[in-house]
Amino acid sequence: MALHVLVLGGTTEARLLAESLVAADGLPAGARVTSSLAGRVGRPKLPPGEVRIGGFGGADGMAAWLRAHRVDAVIDATHPFAGKISFNAAEAAATVHVPLLALRRPGWVPSEGDRWHAAGSLAEAAGLLPGLGRRVFLTTGRMGLAAFAGLDELWFLMRSVDAPDVPHPARMETLLDRGPFTLEGERELIRSHRIDVLVTKDSGGEATAPKLTAAREAGIPVVVVRRPPVPEGVPVAGTPGEAVSWLRDLAGQVLPETGQALPRSV
């Protein structure tokens, strides 16, 4: 039986991981990877290998899928703020006794000169804004805009990959764009739109980090929404390379005399 890995994807790290797994670097011959995308982003960049799009129907549905497709290992490489899918994955993997790893890019760390304000949620971030500025660069994505909908005295520049949901702030301009973004471009956005406060989630990574440097240079405050925790007991890798190493260790548990893959729940 070939080693079958399910990657819960949608991030740059998930695509890089899928590329490594498809190349089978250090894994048993015939190793198989299936990437799962939530389907919430239009025209997603598809990773190599097999791809499924759409939800599983909760933890029970995911557990059933893992059994039906004889999955040997799951790597949760979703966005740090995906939240619910990570806890569903932890429950499903525990149910069918399949090893699970969380792949999470490291969070951002403030530098000297940064004026960061931590928030535990989008609602908390919205509550901080009236005391910080009047022209907001909102980079938290199109989901959750309802948290800012009542701030009628503020103006928002909202950037996301796809068009926003409703409700959203009444005074809002939408910028549809996909990273990576350049420092020069972020400087120009802040200057031309007279931005005086930035709101972001602590997504980590380099693709969207230039906005933090541009905000520091402009001397404007940044509201940073803290990421939710990884489910308790789930090991964490910080890079695709670390995730591949974890899988190599699992592949070492294949019985050499039979070639049989990791034991599965039945």
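Things worth noting here:
- Amide H contacts under 5 Å for residue 115: 222, restricted to partners 5 or more places along the chain or on a different chain, H placed in the peptide plane at 1.01 Å from N.
- Prolate/oblate/rounded call for the range 169-261, Cα gyration tensor, a/c under 1.5 rounded: prolate
- In a simple Cβ point-charge model (Lys, Arg +1; Asp, Glu -1; nothing else charged), the range 116-225 has a dipole of about 140 debye relative to its Cα centre.
- Above 18 Å, the calculated P(r) of the range 116-225 contains 42 percent of its Cα-Cα pairs.
- Mean projected area of the convex hull spanned by the Cα atoms of the range 144-196, taken over all viewing directions: 4.0 nm².
- Highest mobility in the GNM of the chain, judged by mean-square fluctuation with C-alpha springs under 10 Å and restricted to 109, 197, 98, is found for 109.
- With a simple spin-label model that places each label point 7 Å from the Cα along the Cα-to-Cβ direction, the separation between residue 163 and residue 191 comes to 3.3 nm.
- In Å, descending, principal axis extents of the Cα set of the range 91-136: 50, 26, 14
- Gyration tensor over the Cα atoms of the range 42-122: the corresponding equivalent ellipsoid has semi-axes (square roots of 5 times the eigenvalues, largest first) of 31, 16, 13 Å.
- Long-range HN-HN contacts of residue 52 with modeled amide H, under 5 Å: 35, 36, 37
- Options (1) 1.04; (2) 1.12; (3) 0.95 - which one matches Cα Rg over 2.2 N^0.38 Å as calculated here: (2)
- Under DSSP loop assignment and at most 13 Cβ neighbours within 10 Å, longest GluC sites (Glu not before Pro)-free interval of the chain: 1-111
None of the figures in this text is laboratory data; all of them are computed from the coordinates on show. Only a predicted model underlies this, so the values are computations on that prediction, with no experimental measurement involved. Note that we place each Cβ from the backbone using ideal geometry, even for glycine, and neighbour counts take in every protein chain shown.
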